[in-house]
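I have a structure here, written as structure tokens, and I will follow up with some questions on it.
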Amino acid sequence: MHISHKGYTLAETLVTILIIGVLSAVTLPILQKAAGNKLETMRIKCMYILEQTVSQMLADDVMYPQSNSSPSIGFANTATIKYNGIEYGGNTKFCELFASRINKMHNSVTDCSANKKSFTSADGVDWYLPIANFSTKQKIKFDVNGENEDPNCTYNETTCPKPDIFEYYISPLGKITEEL
């Protein structure tokens, strides 16, 4: 008489679980690395938005005229202009014009006050724009996951290796750098 065993023994089940565990331990770090760092991905996205918006603003002769009659060039030209029926000028000109070109979160309002959050974009990024006449480079800061989500710090090798706040400097002619 021949007895047929259908099913797995306890040893076979434990070996299978062990193999699955080892494969998971090996592939999980690879998958996490492939998925990338969300904060770094958002930084790259914000830098792209910053570079494109700055370039478009400087190329627009209504926003920043490139005529020889104006003594100030680039963002240092704080003369009042009328754009889409709204007047912009003075040391809030850059902030207000930049904010007008970005899709904002539904309840976000533009606040072009010194050292305050200027607005929150539709993707939850808090932008801090310069309020200045652009006689020198000015700081632009953004918090890629908003002020209500940690870590709320800029890069520091020991205290903040994965920052969510990034700071850049912009010259009157639109050059963006990481250092002043």
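Quick note: the coordinates plus some simple rules give every number you see, no bench work behind them. This structure is a prediction, so every number in the text was calculated from the model and none was measured. For neighbour counting, all protein chains shown are included, and Cβ atoms are generated from backbone atoms with ideal geometry for every residue, glycine included.
To one decimal place, what orientation-averaged projected area in nm² is obtained for the convex hull of the Cα set of the chain?
Mean projected area of the Cα convex hull: 17.3 nm².
While we're here: With r as the distance between the Cβ atoms of Asn148 and Glu51 and R0 = 30 Å, compute the FRET efficiency 1/(1 + (r/R0)^6) and round to 0.05.
So, using R0 = 30 Å, E works out to roughly 0.65.
Can you compute the charge dipole magnitude of the range 37-177 about its Cα centre, using +1 on each Lys and Arg Cβ and -1 on each Asp and Glu Cβ, nothing else charged? Give it in debye, rounded to the nearest 20.
Roughly 280 debye, rounded to the nearest 20.
Want the number for Ile17 to Arg101: 0.36 nm per residue separation, take away the alpha-carbon distance, what's left?
Fully extending the segment from Ile17 to Arg101 adds 24.8 nm.
As I understand it, the value is the acute angle between the Cα axis of helix 10-35 and the longest principal axis of the Cα atoms of the chain; what does it come to in degrees, rounded to 10?
Once rounded, one gets 10 degrees.
Any idea how far the Cα center of the range 158-174 sits from the one of the range 77-108, in Å?
Cα centres, the range 158-174 to the range 77-108: 23 Å.
Using the basic label-point model (7 angstrom from Cα toward the beta carbon), what is the Ile86 to Asp61 distance in nanometres?
It is 2.4 nm.
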